[in-house]
């Protein structure tokens, strides 16, 4: 049986990890690219997968360039639901969440539905995305993975 201290740590870890998704959406809305990139580890990876191709950005420099492209082209409004977090140990976790993506540049047109599969790492300054994989499930055809190319 887990101690109260262990249970409280797990609750705090899960909440901190779930908060990453909230901050991710907030940074996108506010176009805070520096804040967005800081949610990732230094070697953090974002991978977008869809029918056309696969796009990958590694490290803060590539991540910032990829998000700059996305903000300029789509000005995405991401609504995340159902954040699931699985703690592996005190330093690593995985999770997933489901999203609806709209474009402010296109009059809040629904771009599609997708989901993220995440790997998280505890760093000195808190939990970060180590890897964020974006799977486009349904799209209206208006989104191209070229937006994510760096």
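Taking the number of Cβ atoms within 10 Å of each Cβ as an exposure proxy, the fewest-first ranking of 136, 84, 11, 17 is 11, 84, 136, 17. For the chain, the 222 nm mean residue ellipticity estimated from helices alone, with every DSSP H stretch of n ≥ 4 adding -39500 (n - 2.57) and the total spread over all residues, rounds to -10500 deg cm²/dmol. Dimensions of the chain based on its C-alpha atoms, expressed as ranges along the principal axes with the largest first, amount to 51, 28, 27 Å.
Among 25-36, 60-71, the peptide with the highest mean count of other Cβ atoms within 10 Å heads the list, and the full ranking is 60-71, 25-36. The angle between the Cα long axis of helix 4-30 and the main principal axis of the chain comes to about 20°, on a 0 to 90 degree scale. In plain terms, the chain from residue 79 to residue 58 could stretch by 5.2 nm, reckoned as 0.36 nm per residue minus the Cα-Cα distance.
Based on alpha-carbon atoms, the Kirkwood radius and the radius of gyration of region 19-95 give Rg/Rh equal to 0.97. Maximal additional length on extending the residue 11-residue 88 stretch stands at 26.4 nm, based on 0.36 nm per residue less the C-alpha distance. For helix 59-73, what angle does its Cα long axis make with the longest principal axis of the chain, in degrees from 0 to 90 and rounded to 10? Roughly 40 degrees between the two axes. Computed over region 4-148, relative contact order equals 26 percent, with contacts defined as Cα pairs under 8 Å that lie 6+ residues apart.
Computed from the coordinates by the stated procedures, all read-outs in this text should not be read as laboratory data. All values reported here derive from a predicted model rather than from experimental measurement. Every residue, glycine as well, gets a Cβ built from its backbone with ideal geometry; the counts of neighbours run over all protein chains shown.
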